[in-house]
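Bear in mind that the values in this text are calculations on the coordinates, not laboratory data. Worth saying up front: this structure is predicted, and the values here are computed from it rather than measured. A quick note on method: Cβ atoms are made from the backbone with ideal geometry, for glycine too, and the neighbour counts reach across all protein chains shown.
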Amino acid sequence: MNDFEAIDQLLAAAAEPAPLPPAEQRRALRAALGLSRAEVARALGVSPSTVAGWESGRDPSGGTREKYAYLLKGADAKISTRDTTARDTTAPEPAPTAPEPAPADPHHEEQVDGPAFSPGGAGSVSGRGRS
C-alpha cells in the first residue's frame, strides 16, 4: 500500500459531522419548546454561554456536536408533530348560515307606505270617506 492509499482509506473512514440547522433556527427551536439556554447546556454538559455561541453561529465539534444535532432534530420533530396535531384536531368552523325569518305575529302591525294600517282601527283605509 502506498502513502496515497493509506490517506484515501483514512479519509473514507472519517465520519461526516452531524448536520446542524442555521444558527437562528437553533435558537428558534429551543425557544419554541420553552427551554432555556441553561437547560440545554445542562443536558449537553456545557455552559449556557457555549449554547449562546452556537445560537450565534459557532459550531460545536465532536461528540458534543452529535448530541446537539440530536437535540435539535428531536426539537424540530416535536414541534412539527405538535403543529400537525393542532391543525388536525381543530374542527373547521361551520359555514355561516342566513338567520331564519321570525315567525309571523298575528298582532304585529305591518308597515306600508304611508300611515300605519291596522284593520278596523283608527286611520284605517276603507271605501268610505274619512270621518
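Points worth noting:
- Theoretical gain in end-to-end length, Ser80 to Gln25 [0.36 nm per residue, Cα-Cα removed]: 18.4 nm
- Selection of trypsin sites (Lys or Arg not before Pro), region 1-92, meeting DSSP coil and at most 15 other Cβ within 10 Å: Arg58
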